[in-house]
1. Looking at this structure, is residue 215 touching a Leu at 6+ places or on another chain (Cβ under 9 Å), crowded, with 20+ Cβ neighbours inside 10 Å and touching a residue at least 24 places away in the same chain (Cβ under 8 Å)?
2. Are any residues in region 244-254 touching a strand residue (DSSP E or B) at 6+ places or on another chain (Cβ under 6 Å), surrounded by fewer than 23 Cβ atoms within 10 Å (Cβ to Cβ) and among the aliphatic types (A, V, I, L, M), and if so, which ones?
3. If I ask for residues that are open to solvent by less than 90 Å² (accessible area, probe 1.4 Å) and part of a helix (DSSP H, G or I), which ones from region 169-179 would you list?
4. Inside region 219-243, can you point out the residues that are out of contact with any Asp or Glu (no Cβ under 8 Å at 6 or more places or on another chain) and buried (at least 24 other Cβ atoms within 10 Å of the Cβ)?
5. Out of the residues in region 256-285 that are over 28 Å from the mean Cα position of the chain (by Cα) and touching a residue at least 40 places away in the same chain (Cβ under 8 Å), state the one that is surrounded by the fewest Cβ atoms within 10 Å (Cβ to Cβ).
6. Of all strands (runs of 3 or more DSSP E) completely enclosed by region 75-150, which ones contain at least 2 residues that are free of Cβ contacts under 8 Å to residues at least 60 places away in the same chain?
Amino acid sequence: MANNGRRSVKMKKGPTVGTGGHGRKALEGKGPTPKAEDRPYHKAHKSKQLAERSAAKRGTGARSAGAGARSGPKGRATEEVVTGRNSVVEALRAGIPAKALHVAIRIEMDDRVKESLKLAAERGIPLLETGKPELDRMTDDAIHQGLVLQIPPYEYQDAYELAEETIEGWKKGHIANAPLFVALDGITDPRNLGAIIRSVSAFSGHGVIVPERRSVGVTASAWKTSAGAAVRVPVARAANLNSTLKAFKNMGIFVLGLDGDGDVSLPDLALATEPVCIVVGSEGKGLSRLVRENCDQIVSIPIDSAMESLNASMAVGISLYEISRQRVTK
């Protein structure tokens, strides 16, 4: 039988050779399915991007005693919030400056909430009804109990400019007492700063100097401890504490360091009536070596027991009292 020039192909039974085995790449596959938030066109991916941008914008910060600090460029606090009903009402009672009081929608009212709303209204602080998700975001998921008080960033003065203005005012007779400052060396507890601000205000001091790095700033806790004195006493920032102390000395301000192993006892201090900057170190480490070297005198406070040490804010309060007493009697 004629096949018209066509070749007949005999088909084999069983599996045939396909393209799957022609190369290793063809067998590798595409791997595990990415998470929804990692797929560019998935709405979860967009939500993740928005959350990251929001977190980067507001920064991160440590929370303590119902207050949370948000950090900006170079770690500087740009915004702070006070969270929780007790903390918020106490902050409002203390007169801490506030930008707004955020109140949860359909919040359960109690005496603390009622008083917070009343105090905020009396001071003209905006009341904003805010949803729980937004309150959670503002506080980095801290326990807020439906109340969040927004605190504006503290406006620090420049340490050198503050000292210069104070000396000029004293020389012209606009300021009665000789310049009196307190500088903090390594103090990180905001309650210590608040108590020191209060003592400086009580004994007619002219300002508190805090370093930019490794030092406490004016937080909500510091405001609260100062009992409103932070409104009256300027707090200035020093880019470098040692450089600032050297500049103070060149301006005619005597730098006195507080330390238990001092070369002069506080009652014997002869420089009380002169322009003075008292430097206090942390309770554990005391004055740092360079700061100690930049002091004109190291002053000790006599105490009965060698086993005891004074809290930084207490040491400052005692020193300011003695300086104030000597200035009145001389």
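1. Considered against the rule, which asks whether it is touching a Leu at 6+ places or on another chain (Cβ under 9 Å), crowded, with 20+ Cβ neighbours inside 10 Å and touching a residue at least 24 places away in the same chain (Cβ under 8 Å), residue 215 comes out as no.
2. Listed by number, the list holds a single entry, 253.
3. The first filter runs over region 169-179 and keeps only residues open to solvent by less than 90 Å² (accessible area, probe 1.4 Å), leaving 169-170, 173, 175, 177-179.
Scanning region 169-179 gives 169, 170.
4. Residues satisfying the conditions are 221, 222, 223, 226, 230, 235.
5. The qualifying residue surrounded by the fewest Cβ atoms within 10 Å (Cβ to Cβ) is 267.
6. It comes to 100-104, 127-130.
One line per residue, one yes/no per condition, for (1) under 30 Å from residue 181 (Cβ atoms); (2) more than 21 Å from the chain's Cα centre (by Cα):
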| residue | (1), (2) |
| --- | --- |
| 105 | no, yes |
| 109 | no, yes |
| 138 | no, no |
| 170 | yes, yes |
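Yes or no, residue by residue, for (1) modelled with pLDDT of 90 or more; (2) surrounded by 17 or more Cβ atoms within 10 Å (Cβ to Cβ); (3) on the phi > 0 side of the Ramachandran plot; (4) not polar (S, T, N, Q):
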| position | (1), (2), (3), (4) |
| --- | --- |
| 134 | yes, no, no, yes |
| 138 | no, yes, no, yes |
| 163 | yes, yes, no, yes |
| 196 | yes, yes, no, yes |
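The values are calculated or read from the model by the stated rules, or taken from the named source; none is laboratory data. These figures come from a predicted structure and were not determined experimentally. Counting neighbours? That spans all protein chains shown, and the Cβs are built from the backbone with ideal geometry, glycine included. Note: areas computed on protein heavy atoms with side chains; ligands, DNA, RNA excluded. Shrake-Rupley method; radii C 1.70, N 1.55, O 1.52, S 1.80 Å.
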